[in-house]
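Colleague: Sharing a structure here in structure tokens format.
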Amino acid sequence: MKVFLNKNSSPQVGIINLLVTQFVFIFFTLLTMPSYAKVIIAPEASTEETILHFDIGPGKYVAIPLPSSNKPDDSYTFKIYSKNKVYKDITTYLVDQKNLQLFQKSQTYKGIGYSRTKTPLSIKGSTNTIGKKYLVLDNTYAKFITKKIDISFKAKLPINEKKAEALKERLTGLYNGIRNTLKFKDFDIHVRPCGQVNAYSESNSTGNIHICTELLDNISKSNNTGALAFIILHELGHSLLGLWKLPGNNNEDIADEFATYLMLMGGAKSGIMLERSLDFWRNRDSKVEALNMIKNGDRHSLSIQRIRNIEENIRNNKEFSKRWSVLIYPHMTEQALESIIEQPPENANIALAKSILKKQGRNLDKDINVTSSNATSTESITNRLEKIKKLHQKGLITEEEYNTKRQSILDEL
Ligand SMILES: [Zn+2]
């Protein structure tokens with residue numbers, strides 16, 4: 001009897017959709033200016049490595065549906081191992097839909113692979129045909145032996161032009177938002193296959209950021225846009241600290257702090273995304289990470305340590321943001337500093353923003369926007385203080401409630 005396994009999850013589906021999902025950086029999108037950066041999307045995307053195991057009984061086979069763009073350029077790399085002690089052979093072929101059907105009808109079929117060959121085996125290539133693709137593991141020739149097969153594979157697929165355009169637009173929008181907020185020498189953003197689940201910055205030179213399609217594939221499985229935003233801002237930390245010639249540009253924990261600070265500054269929505277991004281690290285295996293650290297010299301802290309650090313910084317938001325504002329505000333654009341004074345985000349350092357603008361030769365007293373907005377807010381504070389005083393006099397709020405509320409209004413000054 002033949003068994004057809006229909007595994008319906010295909011890694012390709014979410015690969016680019018994810019980045020197209022809206023980024024939420026309210027603070028960054030206040031102003032618009034032309035960008036001089038290039039966002040370069042490679043014409044193809046690689047999936048991360050998928051590892052699967054199958055026990056294939058005698059007389060049976062499996063056909064594994066592969067991620068596909070339905071274009072003839074889809075190409076694949078497979079590694080096939082048998083866990084059997086003695087009978088390590090299998091028949092295995094990469095086939096398209098038409099040849100899968102021929103195989104199922106026990107007719108002659110065409111594909112790339114091996115017949116009754118001892119593993120380990122590797123298959124690399126493309127069927128050069130349109131439509132779905134499969135890897136067949138065929139044990140129909142065996143009378144008694146179940147084959148225990150491990151396979152790992154990666155797919156390289158052409159990116160749909162529309163999706164590439166949407167992704168480019170989204171990343172350009174994010175870049176422009178950051179450029180309107182912070183001053184730095186322009187750099188490029190590349191999205192391309194790089195053979196591993198990763199993103200990195202050319203922090204010591206150009207500041208260019210590379211986002212690997214394997215990482216997009218990995219994140220798309222958890223659909224965690226917060227994690228993606230955090231990773232991009234982490235790389236931005238490496239890039240900007242490098243471009244500003246500051247120490248710590250290659251330090252992973254400092255890059256994490258940079259990303260945390262920007263996301264906290266982005267307001268409530270990006271704060272939620274930050275919290276959600278922690279799930280991405282929570283799901284990582286510390287043991288595997290520690291081994292990788294020893295073997296490949298990964299500079300990142302273990303995910304559990306990173307979560308602990310990020311959570312602590314969220315808890316100490318006020319103090320944490322104050323320290324980072326000292327480093328970041330001097331690199332802010334005039335418009336961004338003005339917007340901090342006029343519409344202060346949570347934990348903004350208004351006094352620092354004012355003093356930097358003053359140092360840059362701005363006479364704030366004569367600035368209509370700033371003075372008028374300050375006048376309005378001072379006026380509204382006076383009104384609100386009078387209002388709670390009346391409520392207290394009428395006995396509608398307690399002495400304690402009055403004092404707490406009064407202090408919180410005064411803190412806004
Ligand atoms: Zn890093």
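The values are calculated or read from the model by the stated rules, or taken from the named source; none is laboratory data. All values derive from a computational prediction rather than experimental measurement. All Cβ positions, glycine included, derive from the backbone under ideal geometry; neighbour counts span all protein chains shown.
Colleague: Of the conditions (1) outside any helix (DSSP H, G or I); (2) aromatic (Phe, Trp, Tyr); (3) outside the structural domain of Lys98 (by TED's automatic domain parsing), Tyr175 clears all except one; give me its number.
Modeller: Here Tyr175 clears every test but (1).
Colleague: Anything in segment 180-208 that is of a type in the set (Val, Ile, Thr), outside any strand (DSSP E or B) and either surrounded by 22 or more Cβ atoms within 10 Å (Cβ to Cβ) or touching a residue at least 24 places away in the same chain (Cβ under 8 Å) (or both)? List them, or say none. Give the steps one after another, and end with the answer.
Modeller: Initial filter on segment 180-208 (of a type in the set (Val, Ile, Thr)): 181, 189, 191, 197, 206.
The next check asks that each one be outside any strand (DSSP E or B); those that pass are 181, 197, 206.
Scanning segment 180-208 gives Thr181, Val197.
Colleague: Let me ask another. Tally the residues that are charged (D, E, K, R), in contact with a Lys or Arg (Cβ under 9 Å, 6 or more places away or on another chain) and within 18 Å of Ala166 (Cα to Cα), restricting the search to segment 176-208. If you could, list the steps in order and put the result at the bottom.
Modeller: First pass over segment 176-208, keeping only residues charged (D, E, K, R): 179, 183, 185-186, 188, 192, 202.
Now narrow it down to the ones that are in contact with a Lys or Arg (Cβ under 9 Å, 6 or more places away or on another chain): 186, 188.
Restricting the remaining residues to those that are within 18 Å of Ala166 (Cα to Cα) gives 188.
Looking only at that region, the number is 1.
Colleague: Of the residues Leu278, Leu262, which single one is in contact with a helix residue (DSSP H, G or I) (Cβ under 9 Å, 6 or more places away or on another chain), farther than 24 Å from Lys221 by Cβ and at pLDDT 85 or above?
Modeller: Result: Leu262 is the single residue among Leu278, Leu262 that is in contact with a helix residue (DSSP H, G or I) (Cβ under 9 Å, 6 or more places away or on another chain), farther than 24 Å from Lys221 by Cβ and at pLDDT 85 or above.
Residue-by-condition table, conditions (1) under 22 Å from His238 (Cβ atoms); (2) within 14 Å of the ligand (Cβ to nearest atom); (3) modelled with pLDDT under 95; (4) hydrophobic (A, V, I, L, M, F, W, C):
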residue: Ile294; (1), (2), (3), (4): no, no, yes, yes
residue: Asp298; (1), (2), (3), (4): yes, yes, yes, no
residue: Ser303; (1), (2), (3), (4): yes, yes, yes, no
residue: Arg315; (1), (2), (3), (4): no, no, yes, no
residue: Lys318; (1), (2), (3), (4): no, no, yes, no
residue: Lys322; (1), (2), (3), (4): no, no, yes, no
residue: Thr333; (1), (2), (3), (4): yes, no, yes, no
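Colleague: Going through segment 94-137 one residue at a time, which ones are out of contact with any helix residue (DSSP H, G or I) (no Cβ under 9 Å at 6 or more places or on another chain), assigned to a loop (DSSP other than H, G, I, E, B) and surrounded by fewer than 13 Cβ atoms within 10 Å (Cβ to Cβ)? Show your work before the answer.
Modeller: The initial filter retains those residues of segment 94-137 that are out of contact with any helix residue (DSSP H, G or I) (no Cβ under 9 Å at 6 or more places or on another chain), namely 94, 96-106, 112-126, 128, 130, 135, 137.
Keeping just the survivors that are assigned to a loop (DSSP other than H, G, I, E, B) gives 105-106, 119-120, 126, 128, 130.
Lys105, Ser106, Pro120, Asn128, listed by residue number.
Colleague: Then there is this: Given the conditions (1) free of Cβ contacts under 8 Å to residues at least 24 places away in the same chain; (2) more than 19 Å from the chain's Cα centre (by Cα), report the number of the one that Lys148 does not fulfil.
Modeller: Condition (1) is where Lys148 drops out.
Colleague: Test each condition in (1) surrounded by fewer than 19 Cβ atoms within 10 Å (Cβ to Cβ); (2) of a type in the set (A, V, I, L, M); (3) touching a strand residue (DSSP E or B) at 6+ places or on another chain (Cβ under 8 Å) for Ile272 and report the one that comes out false.
Modeller: Status for Ile272: all satisfied but (3).
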